[in-house]
Amino acid sequence: MSTLLILSRTLHFGSCLVLLSVFVVRLLIEQPSADDGRAARRLAALCLAFAAGSGFLWFWVAAAGMSGSDLKESLNLQLFEMVIGQTPPGQVWLLRCGIALLLGALLCFPRGRWRWPAGLILAAAFAASLAWLGHAGAGEDARRSLMLAADSIHLLAAGTWPAGLLPFALLLRRQVKAGALPAAHAATRRFSTVSLVTVGLLAASGLVNACFLVGSFHALVATDYGRLLILKLTLFAITVTLGAWNLLVHKPRLESSPGALASMARKVWIEAALGTLIVVVVAIMGTLPPGSSAAG
């Protein structure tokens, strides 16, 4: 069951963050006036479908764990109603289902410039609400509000970068294939600016989370949670280094070297793959007790 929990959490976190990044890239990087947004809408719909399926699997596995029964026995409406109606996580799931339904309805509209700003707000709420299903949401002391705020900011930042690397890479491929090199250059410059701000938010909010959930250097190196955090930070550092290389080496050459954009696009795909690994690590960390409590 733990494998299913990790799988469902990984797929759900990844699909929710990429869903948010689709709206971020569309509004801030691609700009809605570029085309009808059909490609972005298809990707958003795919992410929402994955989020719905993986979210149900996560909820099902969690309900089975609460009831102490196996998956087959726990697949019943009475148990689901009890979890939704009588537990805080169940009420969060109910709220998130409502947001998902609104997002699905929004994506059904083929036109309307308001769709993208409204979708961004809903996707941001959908991603940030994951904080209430993690360690921050389980807290009961005075630190809970600060932990939830830091975790929400961390999720929103992650939904911009590195999750935004996937829709950005797809955008670059479309623009290069269409021969729209000036548009690709402009999108790259905008994405670089947004990424710089996002990395700062990720580092600051991640530091707050680490102080609460790890607590000490001993817990960092002596617990599974702490060691996974070290792995996450290592992957994050590698991803940031690749992004800095793109920014400092390839970005200045975009106008003068036709091959610079292709080289940058390849490294963006590598960054996206590293971002996927980070999501897997985060999903596993959520199934473990925080380092501060495990070390104690």
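Close contacts from the range 265-285, counting a first residue that is within 12 Å of Leu17 (Cβ to Cβ) and a second that is aromatic (Phe, Trp, Tyr), with Cβ to Cβ under 7 Å and a gap of 6+ residues or different chains, come to Ile278/Phe236; Val279/Phe13; Val282/Phe13; Ala283/Phe13. Counted as qualifying within the range 1-92 are the helices (runs of 4 or more DSSP H) with 2 or more residues that are among the basic types (Lys, Arg), namely 38-67.
Among the criteria (1) open to solvent by 70 Å² or more (accessible area, probe 1.4 Å); (2) in contact with a Lys or Arg (Cβ under 8 Å, 6 or more places away or on another chain); (3) of a type outside the set (Asp, Glu), the one Gly37 does not fulfil is (1). Among the residues of the range 224-277, those that are modelled with pLDDT of 85 or more and of a type in the set (Val, Ile, Thr) comprise Ile230, Thr234, Ile238, Thr239, Val240, Thr241, Ile270, Thr276.
As for the range 145-156, it holds at least one residue that is more than 17 Å from the chain's Cα centre (by Cα) and either surrounded by 16 or more Cβ atoms within 10 Å (Cβ to Cβ) or in a loop (DSSP other than H, G, I, E, B) (or both). Would you check which residues across the range 72-89 are in contact (Cβ under 8 Å) with a residue 24 or more places away in the chain and under 19 Å from Ala51 (Cα atoms) and list them? Pro89, the sole residue that qualifies.
For the residues Leu202, Leu196, the requirement of being without any contact (Cβ under 8 Å) to a residue 60 or more places away in the chain, among the hydrophobic types (A, V, I, L, M, F, W, C), more than 23 Å from Ala283 (Cα to Cα) and assigned to a helix (DSSP H, G or I) singles out Leu196.
The values are calculated or read from the model by the stated rules, or taken from the named source; none is laboratory data. If you're wondering where the values come from, they're calculated on a predicted model, not measured in any experiment. Note: ideal-geometry Cβ built from the backbone for every residue, glycine included; neighbour counts use all protein chains shown. The area values use the complete protein model at the heavy-atom level, side chains included, leaving out ligands, DNA and RNA. Shrake-Rupley method; radii C 1.70, N 1.55, O 1.52, S 1.80 Å.
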